[in-house]
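K.L.:
First the structure, which I've put down as structure tokens, then a few questions once you've had a look.
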């Protein structure tokens, strides 16, 4: 994968609508401290938006390499978190939901 945009699109392609039934969540992502995007998960849909979203219940902060690794399955999200390569700001429990919404 070449860019953060590619990684985000790949992540969106893995979306599991069944896991999102009845949900209304906003996940924020801050990549390399300069790229911001959000995933709005609502009623079994997933919409990707560029830019920072003030409504994000949790924001995941990481570098592009970590994002690529998580999306491709080469990096375990929990291991990245424990190793300090990924941090969550906001509702940590929502961050755990991402593995159900975007299975490997």
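Since every read-out is calculated from the coordinates, none of them should be taken as a lab result. What you are looking at is a predicted structure, and each value in this text was computed from that prediction instead of being measured. Every residue, glycine as well, gets a Cβ built from its backbone with ideal geometry; the counts of neighbours run over all protein chains shown.
K.L.:
So what's the back-of-envelope 222 nm ellipticity for the chain, counting only DSSP H runs of four-plus at -39500 (n - 2.57) apiece and dividing by all residues, rounded to 500?
P.N.:
Helices in the chain give a 222 nm mean residue ellipticity of -9500 deg cm²/dmol.
K.L.:
May I ask what percent, to the nearest 5, of DSSP beta bridges between residues of region 4-97 are antiparallel? Write out the running numbers ahead of the final one.
P.N.:
Working: 19 of 24 bridges.
Among the beta bridges of region 4-97, antiparallel pairing accounts for roughly 80 percent.
K.L.:
May I pose another question? Ordered by packing density, taken as the mean number of other Cβ atoms within 10 Å over each peptide's residues, highest first, how do 23-36, 83-96, 60-73 rank?
P.N.:
Peptide ranking by packing, descending: 60-73, 23-36, 83-96.
K.L.:
Specify whether the C-alpha gyration tensor of region 28-77 places it in the rounded, prolate or oblate class, a ≥ b ≥ c being the square roots of the eigenvalues: rounded for a/c under 1.5, otherwise prolate if a/b is larger than b/c and oblate if not. Display every interim value, and only then the final one.
P.N.:
Working: a/c = 2.27, a/b = 1.33, b/c = 1.71.
Because a/c hits 1.5 or more and a/b fails to exceed b/c, region 28-77 counts as oblate.
K.L.:
What does the convex hull of the Cα atoms come to per residue for the chain, in Å³?
P.N.:
Details: hull volume 8.9 nm³, N = 104.
So the per-residue Cα hull volume is 86 Å³.
K.L.:
Once the Cα atoms of helix 92-101 and of the chain are each reduced to a long axis, what angle between those two axes, in degrees from 0 to 90 to the nearest 10, is obtained?
P.N.:
Tilt relative to the chain: about 80 degrees.
K.L.:
Output the 0 to 90 degree angle, nearest 10, between the alpha-carbon long axis of helix 4-13 and the longest principal axis computed from the alpha carbons of the chain.
P.N.:
Value to nearest ten degrees: 40.
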